[in-house]
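Have a look at the structure below before the remarks.
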Amino acid sequence: AQSVAQPEDQVNVAEGNPLTVKCTYSVSGNPYLFWYVQYPNRGLQFLLKYITGDNLVKGSYGFEAEFNKSQTSFHLKKPSALVSDSALYFCAVRDDNYGQNFVFGPGTRLSVLP
Amino acid sequence: NAGVTQTPKFRILKIGQSMTLQCTQDMNHNYMYWYRQDPGMGLKLIYYSVGAGITDKGEVPNGYNVSRSTTEDFPLRLELAAPSQTSVYFCASSRGQGNTGELFFGEGSRLTVL
């Protein structure tokens, strides 16, 4: 069965510092990995995805993520955090053995402190 | 460009009442989904549809029904509301692209069952 873990409920980082939000996954087939962001009282917005190819994926708002097959991880990163990056971040996975279902992690709340 | 539109944004129901959450998308996406979001639990798939006239159960379908008579619309019906259905509901759509297409979300519908 597919599963996604986000080991940190909360990540705090100072503005201007690099940030990392962690995600590990488990699938039986080839993984397709996604990051979404949710601002208060809003729907989720797509940030980036890994389907195949380069392990480093670049996405919206300066975010990037590194796919590591051996560690089954897909950590979200940004070189310099902004206060406006404060939000709830979700990692999601689907694989070609489980049809249309995306499996979402529980979410990590990122707080960027001025 | 409206994207995915959900109504209502907020609703309070009494136990045993029924209601329909409306969802429409204007992106001509074949794939549509209903998720519920509970605190600390990520998103759970209720139902999905891969095209007009085709629907299928997700992870947590009990107590819900859907229909897909057109490409644009994917309403979610709650029959005999129960307190356990208190949640935030998100409708989403996707181009499909096999399993590689990202989800586009509506703004959510917050439902409280008392």
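Couple of notes before you dig in:
- Tail beyond 25 Å, pair distance distribution of the protein assembly as shown (Cα, percent): 40 percent
- The calculated Kirkwood hydrodynamic radius for segment B:1-79 is 13.3 Å, given to one decimal from all distinct C-alpha pairs.
- Between segment B:17-60 and segment A:35-114, the Cα center-to-center distance that results, in Å: 21 Å
- Pairwise label distance in nanometres, B:T100 with B:D56, each label 7 Å out on the Cα-Cβ vector: 2.0 nm
- Magnitude of the charge dipole, chain A, Cβ model with Lys/Arg +1 and Asp/Glu -1, debye to 20: 100 debye
- Local net charge near A:L56, Cβ-Cβ under 11 Å (Lys/Arg +1, Asp/Glu -1): -1
- Each Lys and Arg adds +1 at its Cβ and each Asp and Glu adds -1 at its Cβ; summed about the Cα centre, chain B shows a dipole of about 300 debye.
- Antiparallel bridge percentage (DSSP; both residues within chain A; nearest 5): 85 percent
- Summing charges over all other residues whose Cβ lies under 14 Å from the Cβ of A:K69, with Lys and Arg as +1 and Asp and Glu as -1, gives -3.
- Note on segment A:1-47: the alpha carbon radius of gyration divided by the globular reference 2.2 N^0.38 Å gives 1.41.
- With the simple spin-label model, which puts each label point 7 Å out from Cα in the Cβ direction, the B:T86 to A:E66 separation comes to 4.3 nm.
- Length-normalised contact order for chain A - Cα pairs under 8 Å, 6+ apart - percent: 38 percent
- In terms of its C-alpha gyration tensor, segment A:11-112 has a prolate overall shape, because the principal axis ratio a/c (a ≥ b ≥ c, square roots of the eigenvalues) is not below 1.5 and a/b outweighs b/c.
- Candidates A:G53, A:Q2, B:Q6 compared by Cα position along the dipole of the protein assembly as shown: farthest toward the positive end lies B:Q6, with charges placed on Cβ.
Throughout, read-outs are computed from the coordinates displayed, never taken from laboratory work. Since this is a predicted model, take the numbers as computed values, not measurements. Note that each Cβ is placed from the backbone with ideal geometry, even for glycine, and that neighbours are counted across all protein chains shown.
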